[in-house]
Amino acid sequence: MPLQPPPLLPSPSSSHCLTHPNRFWTTTTTTPPPLSRNHLLEFPLNLEYLEAEFFLYGAFGHGLDTVDPSLTLGGPTPVGAKRAHLDHFARDFITQFGWQEVGHSRAIKKTVKGFPRPLLNLSAESFSHVFDSAFGSPLNPPFDPYANSINYLLASYLIPYVGLTGYVGASPMLQGATSKRLVAGLLGVESGQDAVIRALLYEHANLIVKPYGITVAEFTNRISSLRNKLGRTGLKDEGLVVHEYRGAQGKISGNILARDKYSVVYGSGDERVTGGIYPKGADGRIAKSYLKKE
């Protein structure tokens, strides 16, 4: 059965983005706060906390509170995270991802003080809401990222993507060899994780995800379309199968690597409104400067 590209979607009209610092400045009417090197380097910690906890819990059933409590700086324990039902191969590379994220947090905190781990909602319900939004109606039964290896890979399709966009956004504004070297190294690993996940999902692109009767490729296309919708301007992300003219050199519909990446992790399409994986919002000066005051 040939791979089918997603339906064409109209381009939305404005821009909001949690994971790209530059994107904050496109929609605000006030003067943005001046950003120091520390602000730019601490910003991705929100994403490193997310990745570390999701992968560690998925692999082991526990997170930073067990692995290295000092990295959390006393922040609240994630909600709903648990050990995933993974096959041996999946548990192997997810374990590697988890330890890589621990290393990322340590590397950043050797350079900047950072902030306590924000509250993270990594429950199955939190992810199911994302997938329901992607499909425009509730999946039945609700999507559970921890149920099996394919589900966990599909949920992971969201994760390194979120991390690497933070580094892409910060990189052009950094000064100094030390900061640029740090971010370049972290970005390389995040990009590699994203490529591994996309490659493994592409291998199973035509697999029917049970019990939904929907292919893996269609799941990724729906998630990518949701990210484009929440990002509000242009083509932010692409699924595993695209229309040929959007593929490499306009010659192929297979799309194992996406060409452009930004994301929204509150699920609201608005960096001022918290929710989704970050129930109380992200931390750091950049993220906090845009949260609505209660």
If a residue must be modelled with pLDDT under 95, under 18 Å from the mean Cα position of the chain (by Cα) and open to solvent by 70 Å² or more (accessible area, probe 1.4 Å), how many such residues does region 84-117 contain? 0
Leu120 under 23 Å from Val183 (Cβ atoms), of a type outside the set (Gly, Ala, Ser), buried (at least 19 other Cβ atoms within 10 Å of the Cβ) and touching a strand residue (DSSP E or B) at 6+ places or on another chain (Cβ under 9 Å): yes
Between a residue in region 87-113 that is within 28 Å of His204 (Cβ to Cβ) and any residue that is exposed (fewer than 14 other Cβ atoms within 10 Å of the Cβ) and among the hydroxyl-bearing types (Ser, Thr, Tyr), which pairs come within a Cβ distance under 6 Å, given they are 6 or more apart or on different chains? none
Among the residues that make up region 96-115, is at least one of them in contact with a Pro (Cβ under 6 Å, 6 or more places away or on another chain) and of a type in the set (Phe, Trp, Tyr)? no
Kindly evaluate Leu35 against the criterion of being at pLDDT 80 or above and more than 29 Å from Ser224 (Cβ to Cβ). no
All positions within region 35-83 that are crowded, with 16+ Cβ neighbours inside 10 Å and β-branched (Val, Ile, Thr): Val67, Thr72
Tell me which residues, restricted to region 128-147, are farther than 17 Å from Ser225 by Cβ and buried (at least 17 other Cβ atoms within 10 Å of the Cβ). Ser128, Asp144, Pro145, Tyr146
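Residues checked against (1) open to solvent by 20 Å² or more (accessible area, probe 1.4 Å); (2) within 22 Å of Tyr167 (Cα to Cα); (3) part of a loop (DSSP other than H, G, I, E, B); (4) modelled with pLDDT of 80 or more:
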| residue | (1), (2), (3), (4) |
| --- | --- |
| Asp194 | no, yes, no, yes |
| Ala199 | yes, yes, no, yes |
| Tyr202 | yes, no, no, yes |
| Asn206 | yes, no, yes, yes |
| Ala217 | no, no, no, yes |
| Arg222 | yes, no, no, yes |
| Lys229 | yes, yes, no, no |
| Gly239 | no, yes, yes, no |
Failed condition for Phe24, given (1) at pLDDT below 90; (2) out of contact with any Cys (no Cβ under 8 Å at 6 or more places or on another chain), with all others met? (2)
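The values are calculated or read from the model by the stated rules, or taken from the named source; none is laboratory data. Here the structure is a predicted model, which is why all the values come from computation and not from measurement. Neighbour counts are summed over all protein chains in view; Cβ atoms, including those assigned to glycine, are modelled from backbone coordinates with ideal geometry. The accessibility values were calculated without ligands, DNA or RNA, using every heavy atom of the protein model including side chains. Shrake-Rupley method; radii C 1.70, N 1.55, O 1.52, S 1.80 Å.
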